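J.: First the structure, which I've put down as structure tokens, then a few questions once you've had a look.
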Amino acid sequence: MSSERVPAELSKGVNGLEKVILREARGSSAEVYLYGGHVTSWKNDHGEELLFVSNKALFKPPKAIRGGIPICFPQFSNHGPLEPHGFARNRFWSIDTDPPPFPTNSSSKAHIDLILKPSEEDMKIWPHSYEFRLRVALGPGGDLTLTSRIRNTNTDGKPFTFTFAYHTYFSVSDISEVRVEGLETLDYLDNLQNKERCTEQGDAITFETEVDKIYLSTPTKIAILDHEKKRTFVIRKEGLPDAVVWNPWDKKAKAMADFGDDEYKHMLCVEAAAIEKPITLKPGEEWRGRQELSAVPSSYCSGQLDPQRVLQGS
Ligand code: TA6
């Protein structure tokens, strides 16, 4: 099999940082940096990039990579004393050569198992032992699945508590043409109003200004409809009750050094998360959080999801 379809290949990325390239037989691909356990690319079988990464992204520790799928652990945003979004996204992960058996029988060969354990330095800021195993897998249909398994390995009998998010940056054609379905009428915490608790109106969500909301106890399936690209992203999630929706719009975009002034027009973050009810693990206990991303053609002119395809997708 020539290199272009080797299922998982270790190679050098930007600034010589190590990355793993996943390739699926039908042409889809993904890239994962060991720095941050960070997915930075997901392409469909036409080679089209589905994730947004800023042209100004810094691939330079300790700065997190701006775009793709940063992992927020053990703290989401400023929901605690640690640096924003915790430290997992700016640590070097290792390839897990001997992962414990995987709960689900994923047929995909195109997968990689990564592992993160605390350094002595980390123990000073978050005094807990854990094993964070991350599997990134490309399915036969080009679906991208991230499965996190976090185990408390404290030997002092102490539990620990954390919040979590897959901070996914989706690439969209034009933010003003995008709508999100599945979050209608839900309660959310508005990060622009001091985390005030509000209730979403009844229609699909559209975008005309900065948004930074944490939707609470959402359905397990959320859809992002990109009318112009006739593409729908479907997010299926397990163990992640909440969902964050973020677009910095123009002012915040200008204020971010690693983000282009106009790039807000071409990205939307919809983040499968566990925030409202932090997760507590006793020693020996393990938590699992899974998100499966699909990109399907939205064949209906109204932008409606193709119900047949989605229902079959269950
Ligand atoms: O997930 C939304 C959010 O928490 C926003 O408040 C915004 O800060 C964004 O994340 C980006 O955070 P970062 O630390 O990557 O600049």
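The values are calculated or read from the model by the stated rules, or taken from the named source; none is laboratory data. Just so it is clear, the structure is predicted and the values come from calculations on it, not from any experiment. Backbone-built Cβ (ideal geometry, glycine too); neighbour counts: all protein chains shown. Please note that ligands, DNA and RNA were not included when accessible areas were found on the heavy atoms of the full protein model with its side chains. Shrake-Rupley method; radii C 1.70, N 1.55, O 1.52, S 1.80 Å.
J.: Could you derive backbone 3J(HN,Hα) for the stretch 146-154 from the dihedral phi with the Karplus parameters 6.51, -1.76 and 1.60 (θ = phi - 60°), listing whole Hz in sequence and x where the residue is Gly or Pro?
T.: Listing the rounded values in order: 10, 10, 9, 10, 10, 10, 7, 10, 4 Hz.
J.: Please report the carbon-and-sulfur percent of the accessible area for the chain; probe 1.4 Å, protein heavy atoms only, DNA, RNA and ligands left out.
T.: 50
J.: Can you work out ³J(HN,Hα) from phi for every residue in the stretch 43-53, in order, using Karplus 6.51 cos²θ - 1.76 cosθ + 1.60 and θ = phi - 60°, giving whole Hz and x for Gly and Pro?
T.: These are the phi-based 3J(HN,Hα) values: 10, 7, 6, 9, x, 7, 6, 9, 10, 9, 10 Hz.
J.: Another question about this same structure. Hey, can you grab everything whose amide H is under 5 Å from the amide H of G13? Only 5+ residues off in sequence or another chain; H modelled, so Pro and N-termini drop out.
T.: Those lying under 5 Å, H to H, from G13 are E18, K19.
J.: Hey, if you put +1 on the Cβ of every Lys and Arg and -1 on every Asp and Glu Cβ in the chain, which of F162, Y35, L58 ends up farthest toward the positive end of that dipole?
T.: Y35
J.: How long are the three semi-axes of the equivalent ellipsoid of the chain, in whole Å, if each is the root of 5 times an eigenvalue of the C-alpha gyration tensor, listed from largest down?
T.: They are 28, 24, 20 Å, listed from largest to smallest.
J.: If amide hydrogens are placed 1.01 Å from N in the peptide plane, which non-local residues have theirs closer than 5 Å to the one on Y130?
T.: For Y130, whose amide H was placed from the backbone, the distant partners under 5 Å are T153.
J.: What lysines does K124 reach when the alpha-carbon gap must be under 27 Å and sequence neighbours fewer than 8 apart in one chain are set aside?
T.: Leaving aside lysines fewer than 8 places away in the same chain, those within reach of K124 are K60, K63, K158, K277, K282.
J.: Each label point is 7 Å from the Cα along the Cα-to-Cβ direction; what then is the distance between the points at L192 and F92, in nm?
T.: The answer from the label model is 4.0 nm.
J.: Considering only protein heavy atoms, what per residue accessible area in square angstrom results for the chain with a 1.4 angstrom probe?
T.: Per residue, the chain has an accessible area of 45 Å².
J.: Still on this structure, I have one more. Set the Förster distance to 35 Å, then compute FRET efficiency between A257 and V6 from the Cβ-Cβ distance, nearest 0.05.
T.: 0.45
J.: Sticking with this one: Once phi is turned into θ = phi - 60°, what whole-Hz ³J(HN,Hα) does the Karplus curve with 6.51, -1.76 and 1.60 give for every residue of the stretch 61-77, x standing for Gly and Pro?
T.: x, x, 6, 6, 6, 7, x, x, 10, x, 9, 8, 7, x, 9, 7, 6
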